[in-house]
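The values are calculated or read from the model by the stated rules, or taken from the named source; none is laboratory data. Because the structure is predicted, anything quoted here is derived from the model rather than measured. Methodologically, a virtual Cβ is constructed for each residue, glycine included, from the backbone with ideal geometry; neighbour enumeration extends over all protein chains shown.
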Amino acid sequence: MHEPKEHAMLFRFAEQKDLANVSELLAAVDLPFQDIGEHLSNFLLVEKEGELVGVVGLELAGSSALLRSLAVKETEQSRGIGKTLVDKIKAYGQLNNVEKLFLLTTTASDFFRQAGFTAIEREAVPQEIKSTEEFRTICPLSATCMVLEIGKELKFCTKDILRLKEDVAGARMWGVSLEKTMLTCFEVEPETLFDLHTHESEQITMVLEGSLYFDVDGKVYLVNAGDVIAIPSNVPHSVFTKESSAKAVDAWSPVMNKYKK
């Protein structure tokens, strides 16, 4: 009953134009906002009817990350929005190869304990987290330090956290991986070329929209929407589009490490 109706809300990553509104919301709930501008690209927002009603952020530091700035507008509290934001930002951390999430809180230790975090001594925090501005100077020494291990957990990634990133010129992608397998999704513009290459990973590609052309040893395979092509390990091939764009998903085994970065 108390879960948020996500269809009525928009979750999206922040842009610099959101800085003033995010700062205002954090100030309204007595959370620090002085340094958020440099980390804003890793802040997740939730809007209701165009109005900012919630925010949470990550500071990424290799295999660790600092969860910070979780805030929900007072009129929207007790509706599960905070829990949803934590779940989404945790999954976003997993997509960025984060193994441990750390946080500092002065008022919400019970909430985070229910979300799976456990209290730890400040001395046990890795140096990359101790070096953050929030840990060094912004949060008081009385704040409770907490941690959650997420590296081996199940990953549930909603579409709003699957951020496309540039691959080759004309192609953007996201990837989700476990220890031995990986799924990627590519959006490819017209007249785009993936040069001749090989990889240890076996590749199975299904085209969702448009068409992809696979050149394997001089033979070109036209893979249309709904078609599947499976390429064994270490087989040289190139891939390209012609006059139309394409969208496709790929399964890989073992994991394509270049797409985890």
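A few notes on this one:
- Note on segment 171-220: among residues that are touching a residue at least 60 places away in the same chain (Cβ under 8 Å) and assigned to a loop (DSSP other than H, G, I, E, B), the one that is nearest to LYS247 (Cα to Cα) is THR181.
- Summed over segment 12-33, residues that are exposed (fewer than 15 other Cβ atoms within 10 Å of the Cβ) and touching a residue at least 40 places away in the same chain (Cβ under 8 Å) total 2.
- SER63 vs. criteria at positive phi and out of contact with any Pro (no Cβ under 6 Å at 6 or more places or on another chain): no
- For ASP217, the conditions (1) more than 29 Å from the chain's Cα centre (by Cα); (2) acidic (Asp, Glu); (3) surrounded by 14 or more Cβ atoms within 10 Å (Cβ to Cβ) are fulfilled apart from (3).
- Selection within segment 228-254 - over 19 Å from LEU164 (Cβ atoms), hydrophobic (A, V, I, L, M, F, W, C) and buried (at least 17 other Cβ atoms within 10 Å of the Cβ): ILE229, ILE231, PHE240
- Residue-level analysis places ALA61 among those that are at pLDDT below 95 and assigned by TED's automatic domain parsing to the domain that holds ALA91.
- Counted as qualifying within segment 1-93 are the strands (runs of 3 or more DSSP E) with 2 or more residues that are within 28 Å of THR137 (Cβ to Cβ) and among the hydroxyl-bearing types (Ser, Thr, Tyr), namely 64-72.
- Any hit, segment 107-126, residues being outside any strand (DSSP E or B), surrounded by 14 or more Cβ atoms within 10 Å (Cβ to Cβ), in contact (Cβ under 8 Å) with a residue 40 or more places away in the chain and assigned by TED's automatic domain parsing to the domain that holds PHE11: yes
- Positions within segment 59-80 being surrounded by fewer than 22 Cβ atoms within 10 Å (Cβ to Cβ) and touching a residue at least 40 places away in the same chain (Cβ under 8 Å), in sequence order: ALA61, GLY62, SER63, SER64, LYS73, GLU74, SER78, ARG79, GLY80
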